């Protein structure tokens, strides 16, 4: 029936047909959306409930929303004292700030170092692409649990500055402490291992973007008298912005969410949010409302990224898997 | 003159920071771990003070029933999860591969579980599995059924379900991308020849998607061995050893039992296992490339 029609009209008719689906299909979609978002919604709702309401729980919809849980969680950085609290036991605010510092700095450094290395690997032909993708794959394979033992040992014992030496003594005077000055327990110690963990993946993703930058552009700039660094910062970087965005989101996500290595390397003052949540979960009497509020606070940044940059995330995910 | 030598040095300057960090914070620690796994190592000791005991850590582990148990739990977990996710993910991709409006919104919502911290995922599921106040048991009871002992008797199953929830979207999205990049001509040709939907799926779509699917499955498998936080928050490895995967056991051996040497040997076992999987994946992609190149050459010669 459609054969006689011109091509463009036929295509239009076909696409109209394909948009009319049967109702069971929409039912399936609704169920899927409900399943994937339901647990997150449940956590959001519960974070606004008092523990009495969560445990009593006659009905999921009838309750008085309260921000009391969030006040309890953030009590150490609030500018006022919440009425229901007489003592601020949960130092969540500090952990939140630690998490932000660690995640932002490690993301920024990983991106800078990673895109320089990726550029060099593509343009100056150090090794073949195969070597790079093989090492990336190899490193991607290493679980954080495997790094736990050596990192714990090294950061505590070997990566230290002797307290007798000049720099060590100076740092000790500045920040206090008794023994040698070690990487463990500092922000930089955690940042260092996060950079190393994320670097291969970032190099890999950025490589596939840099390959697409036309060489002639760079050569034109060079003829006009630009040095290699100028070419890199003024020509190449602006052109690979989408790749940078994808890489940034993935790095941030790992640095923000990671628990195991941070728990081995941090001390009382450098705890990140995941550590705090795990510690509070393993107590016998779980305060569900407060825990849900902390979980929600930890989940919000990744959720925001997902809502605004899902296309970049999907690009990164498919580039990471398909070009393996 | 100076400028020229600067230009010659610039590649090294570009690559140096990355190389140095990788060497210090990744390669050196891995070497350190291999070295430490041959020693009787306690967290309070410096590694040079420890005693060399050759393969004793490895041999003890090999005959340790608890380690074997957690190895089998890990393998069961990883393979169950990957097979289930593959079936559901690919099935959904085949179902949802249509021109519908709002597909991008749907994909965005599906990615959410993957982006949220594993710790938080564990937290949500632990709440939902709670024997009295949890969502599942409450729903069951309101329907007049018996509650299920989710994190007790069925702990491994519950953990598997949580992982399926979190990671099926990954396979779904990659499978969908693969489906949408299939050559339209093959599909149209089969349609003209009168192939039914099922025949199309079996004989055209699935075989053409296979390379991507296998790589995806292997990536997922490697990631499944890394899962730790979700299980730690949900069950802490219990009850008994029923959900104690190797990653969890490594961290407990190192921090609770304070046997760094044993933990290092355990990490090495895990690493060797993963290395084999990765090599399998790499060899597979190479074979695919060679086959594709040969096919292309044949096509050219014939054409």
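Coordinate-derived values only; no laboratory data. Quick caveat, the model's predicted, so the values are computed rather than measured. Here the Cβ is made from the backbone with ideal geometry for all residues, glycine too, and neighbour counts use every protein chain on show.
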- Message: Given the -39500 (n - 2.57) contribution per DSSP H run of 4+ residues, what per-residue ellipticity at 222 nm results for the protein assembly as shown, rounded to the nearest 500 deg cm²/dmol?
- Response: -22500 deg cm²/dmol
- With labels modelled as points extended 7 Å from the Cα through the Cβ direction, what inter-label distance (nm, one decimal) is found for residue B:298 paired with residue B:63? 5.4
- Note on the structure: Taking r as the C-beta separation of residue B:202 and residue B:252 and R0 as 45 Å, the FRET efficiency to the nearest 0.05 is 0.45
- Message: How much length would be gained if the chain were fully extended between residue B:189 and residue B:157, taking 0.36 nm per residue of separation minus their Cα-Cα distance, in nm to one decimal?
- Response: 7.1 nm
- Note on the structure: The exposure ranking of A:34, A:201, fewest beta-carbon neighbours within 10 Å first, is A:34, A:201
- Note on the structure: Here, segment A:171-315 modelled as identical Cα point scatterers in vacuum has Debye log10 I(q)/I(0) at q = 0.13 Å⁻¹ of -0.81
- Order of A:282, B:10 under a 10 Å beta carbon neighbour criterion, fewest first: A:282, B:10
- Query: Which FRET efficiency value, to the nearest 0.05, is calculated for residue B:28 and residue A:104 with the Förster distance at 30 angstrom and r the Cβ-Cβ distance?
  - Reply: 0.70
- Item | Between segment B:13-42 and segment A:134-153, the alpha-carbon center distance in angstrom | 10
- Message: Quick check: the distance between the Cα centres of segment B:115-149 and segment B:219-281, to the nearest angstrom?
- Response: 25
- Shape call, segment B:182-271: gyration tensor on alpha carbons, a/c limit 1.5: prolate
- Message: At a 10 angstrom cut-off on C-beta neighbours, averaged per residue, how do the peptides B:261-271, B:89-99 rank from highest to lowest?
- Response: B:261-271, B:89-99
- Take the alpha carbon gyration tensor of segment B:86-164, find the square roots of its eigenvalues, order them as a ≥ b ≥ c, and report rounded if a/c is under 1.5; if not, report prolate when a/b exceeds b/c, else oblate. prolate
- Note on the structure: Exposure proxy check on A:43, B:13: fewest-to-most Cβ neighbours within 10 Å is B:13, A:43
- In nm, give the distance between the simple-model label positions of residue A:25 and residue A:223, each being 7 Å from the Cα along the Cα-to-Cβ direction. 5.4
- Measure of compaction for the protein assembly as shown (Cα Rg per 2.2 N^0.38 Å): 1.05
- Percent RCO, i.e. relative contact order, over chain B, from Cα pairs under 8 Å lying at least 6 residues apart: 28
- What area, in nm² and to one decimal, does the C-alpha convex hull of segment B:113-238 cast on average over all directions? 10.4
- Item | Rounded, prolate or oblate (a/c below 1.5 giving rounded, otherwise prolate when a/b exceeds b/c) for chain B by Cα gyration tensor | oblate
- Please give, to one decimal in nm, the separation of the simple spin-label points placed at residue B:287 and residue B:40, each 7 Å out from Cα toward the Cβ. 4.6
